[in-house]
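See below for the structure under consideration.
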Amino acid sequence: CVLCGRTDDCPEKYGEKRIYVEYNLTVHYYCLLMSSGIWQRGGEDEGVDGFLITDIRKEVNRAAKLKCNICKKKGASIGCVAPKCKRSYHFPCGLQRECIFQFMEDFRSYCWDHRPVQEFVDEEPRGASQCTICLDLVEHLPVYTVLKSPCCKNAWFHRECLQYQALSAGIFFFRCTVCNNKDKFQKEMLRMGIHIPERDASWELEENAYQDLLHCYQHCDVKRCLCKKGRDYNQPDSKWEIKRCQYCGSRGTHLACSSMKSREQNWECMECRSIFAKSGKYSKRKKRSLATSEKTNGTPCLLEEPPAKSPRQSPGSPRSFLLQSPKMMCQNLSPCSHLELPASNRVTMSLSPVMSSRNWSLSLRHKHLREKRREVCNILKELKAQVKTKTTRLNINAENIWSSALKGFRQRIFSPTNTIEVNFSNCKSRSKTNTSASKHHFFQLLMLHLQNSSLFEGSFGKNLSLDFQAVKENLYFEAGKMIAVSLVHGGPSPGFFSKTLFNCLVYGPENVKPALEDVADVDVAQTIKMIKYADNLSSLQSTLQDCGEFLAAAGCLRPVKALCDKNVLVNDLLIYHVIKRINLPLESFRQGLKTLGVLDKMQMHPDVFSSILCHKPEKLSVETVCDLFTIHSSSDVKKVEDADFWMGYLQDVQNGESVVTLEDILLFVTGSCYVPSIGFDPEPTIKFLHIRYPIGNRLLNCLELPITKTYQQFKNIMELTIRKTLRVERE
């Protein structure tokens, strides 16, 4: 190279080595870019990428007079731009001495004394974490070889790893590997001397790069193949179609060879089946697979059996109320006792529950949760003030809810601050699809899918799992973002977070102490339990000797000299398996929850947000529905009687004496079978009118009820209308 004098050909370090025989010129691209006395005065097709040959020779002559402050040889063409600094050096020497070269704007260079540094907060935890590119440990130190992400609190990288990643990804795909931030991340990396080439990613430029992915395994591996045309024969849409293992995809079977009646049935090869059987997770794995959860479809209503996770209101609920029949309703609810008629003619109905002493504590607990949820509702309404009237439409396939939701959230025009409209692409008539009802239904399916997906593990209160493929595809970030958007835009509360996961999000993982119940892996939990309940030193040492590899993998392999040492060991094992092991998914999930400011509010109001994130939504009851609806009435006694009919009907529904459910009634009026965490907008109301049939006005969330002579007439009309309306919607 005419500028640095080296013969090395290392594009990653010095840029492409350009050789021009006609000019008798060889130069490294980076040496040319960073030289202090030369500018691009020509077009892109002139000279060397716009650097004229005459200018290059002038720069060589200028540098020949300057001595490198590092190697002490002539030809130092690069100078430090800091005021009053007179150091000059060759590009390779500057790299060796840890100078910083900024590949942007004026292509500035800084010597080892004046180079820019990253700011480190004293409160930041020292120690080490995984570099999310090479997955080796990187120490949290303010040194040249280590860089910290500007957008993620706990994301650290090796400088060399980042440079290789930037060269491979190019300016269009180089971004933070944890939170997917591009602008802020690239700006900081350029400032710290990472070269990001202005080209497409290397994997996009390679011809036929994805050709191997198009190959599908087609071979029948069962012990006795029944196909006369051989194990490799595959005839789609017939009994000789080859079905691949749903887990590994590297084994197959003809449908007929495994007695499968439909290609929709799942099949597992013997290897995968034995692995899951030994770990005790076989049935759980089926339940948690993405493919299975994506098929979850339907809203619980009178037209179909609800899923196990959202059962119908059971008759004889322990929280029964005084109202048992229309007759008793009329006796107990008079205009003087339970109906208040203020000047505004608005009547709010309330009920007085009759509680047994056995259910008193349960009642208090539910009352406390209801109060917290009211507070959450007000907080979420504050966040909803960010939402604009501009709309973003999501086209959703209910049979593939995750993929279509992911595609919608990742589209370029999607913004969490836009009003969301949902169209189900598998609806026969989109024009009749109610926007509000579709959105409620979409968020319900999405939260149910997330709860059962492989991103979370555990039976009741769930923690994040470690799924490397999901980390690579940034799915934890998207999941956090979807939950945040759902809460602010009127979706259901997730209700499946474990207390440990919630505390990690709110207080930080370093301040959380996990419990044995947080370990989802049965084998791991059993091993920790054996250590925890060892009753003497010899049995403890014997247990530790048997699980040496397990302890080494967790970084907890250490000599134990006393029985009391097991407590510290168990605590360290729990912290590793529940928290440290999922640091990357947790940080990515946290970044997603920051959408619309949800995580900030969670950290400001942890008690109230735990009521919707860690507790299942309360089942609909007569009390809930009565609190939800405001009755517009007058002093007309007849309307008061109809209010009695309405409340008596709700009690019959709760007691199982009706073909509809409370969820069906709510769906009929609002388009949602659940009460959103943010509440309904506008608030649901009831009007009694001289009409033949009840009307559910979903635009106003208003239920218009007919005035009837008898309770039986009222009940028959209600059930007939609600059943027919919901059946038509479903069809």
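Brief remarks follow.
- From the options LYS223, LYS243, LYS239, residue that is outside any loop (DSSP other than H, G, I, E, B) and farther than 22 Å from ARG175 by Cα: LYS243
- Of all the criteria given as (1) closer than 30 Å to LYS472 by Cβ; (2) open to solvent by less than 30 Å² (accessible area, probe 1.4 Å), the one not satisfied by VAL570 is (1).
This table checks each residue for (1) among the β-branched types (Val, Ile, Thr); (2) modelled with pLDDT of 90 or more; (3) part of a helix (DSSP H, G or I).
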{"position": "LYS407", "(1), (2), (3)": "no, yes, yes"}
{"position": "LYS428", "(1), (2), (3)": "no, no, no"}
{"position": "SER438", "(1), (2), (3)": "no, no, yes"}
{"position": "GLN444", "(1), (2), (3)": "no, yes, yes"}
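- Conditions (1) in a loop (DSSP other than H, G, I, E, B); (2) open to solvent by less than 30 Å² (accessible area, probe 1.4 Å); (3) in contact with a Gly (Cβ under 8 Å, 6 or more places away or on another chain); number of the one not met by GLU59: (1)
- Applying the criterion of being open to solvent by less than 20 Å² (accessible area, probe 1.4 Å) and in contact with a Ser or Thr (Cβ under 8 Å, 6 or more places away or on another chain) to the residues of the stretch 652-666, the residue that is farthest from LEU628 (Cα to Cα) is ASP652.
- Qualifying residue in the stretch 80-91 (condition: among the hydrophobic types (A, V, I, L, M, F, W, C), under 47 Å from the mean Cα position of the chain (by Cα) and exposed (fewer than 15 other Cβ atoms within 10 Å of the Cβ)): no
Each row is one residue, and each column tells you yes or no for (1) modelled with pLDDT under 90; (2) of a type in the set (Phe, Trp, Tyr); (3) assigned by the TED database to the domain that holds PHE174.
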position	(1), (2), (3)
GLN102	no, no, no
ASP106	yes, no, no
VAL117	no, no, no
GLU123	yes, no, no
THR132	yes, no, yes
LEU141	yes, no, yes
VAL146	no, no, yes
CYS152	yes, no, yes
ALA155	yes, no, yes
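- Contact map, the stretch 24-47: residues that are in a loop (DSSP other than H, G, I, E, B) paired with residues that are open to solvent by less than 10 Å² (accessible area, probe 1.4 Å) and among the charged types (D, E, K, R), Cβ distance under 8 Å, separation 6+ or inter-chain. Pairs shown: SER35/GLU59; GLY37/GLU59; ILE38/GLU59.
- Options SER262, SER238; residue that is surrounded by fewer than 16 Cβ atoms within 10 Å (Cβ to Cβ), within 36 Å of the chain's Cα centre (by Cα) and of a type in the set (Gly, Ala, Ser): SER262
- Evaluating THR26 against the criteria (1) among the β-branched types (Val, Ile, Thr); (2) closer than 30 Å to GLN165 by Cβ; (3) open to solvent by 50 Å² or more (accessible area, probe 1.4 Å); (4) more than 50 Å from the chain's Cα centre (by Cα) leaves one unmet condition, (3).
- The set of residues in the stretch 199-221 being surrounded by fewer than 16 Cβ atoms within 10 Å (Cβ to Cβ) and either of a type in the set (Val, Ile, Thr) or in contact with a strand residue (DSSP E or B) (Cβ under 8 Å, 6 or more places away or on another chain) (or both) consists of CYS216, TYR217, GLN218.
- Within the set LEU446, LEU466, the sole residue that is touching a Leu at 6+ places or on another chain (Cβ under 9 Å) and among the aliphatic types (A, V, I, L, M) turns out to be LEU466.
- The residues in the stretch 694-706 that are touching an Asp or Glu at 6+ places or on another chain (Cβ under 9 Å) and at negative phi can be counted, and the count is 6.
- Subset of the stretch 537-565 (residues that are open to solvent by less than 30 Å² (accessible area, probe 1.4 Å), assigned to a helix (DSSP H, G or I) and in contact with a helix residue (DSSP H, G or I) (Cβ under 9 Å, 6 or more places away or on another chain)): LEU540, THR543, LEU544, LEU551
- Restricting VAL728, VAL669 to residues that are in contact (Cβ under 8 Å) with a residue 24 or more places away in the chain and part of a helix (DSSP H, G or I) narrows the list to VAL669.
- Scanning the stretch 478-493 for residues that are in contact with a Lys or Arg (Cβ under 9 Å, 6 or more places away or on another chain) and closer than 16 Å to LYS594 by Cα yields GLU478, GLY480, LYS481, ALA484, VAL488, HIS489.
The values are calculated or read from the model by the stated rules, or taken from the named source; none is laboratory data. All values derive from a computational prediction rather than experimental measurement. With ideal geometry, Cβ positions are generated from the backbone for all residues, glycine too; neighbour counts draw on all protein chains shown. The protein model used for the area step is the full one, side chains on, heavy atoms only, and it has no ligands, DNA or RNA in it. Shrake-Rupley method; radii C 1.70, N 1.55, O 1.52, S 1.80 Å.
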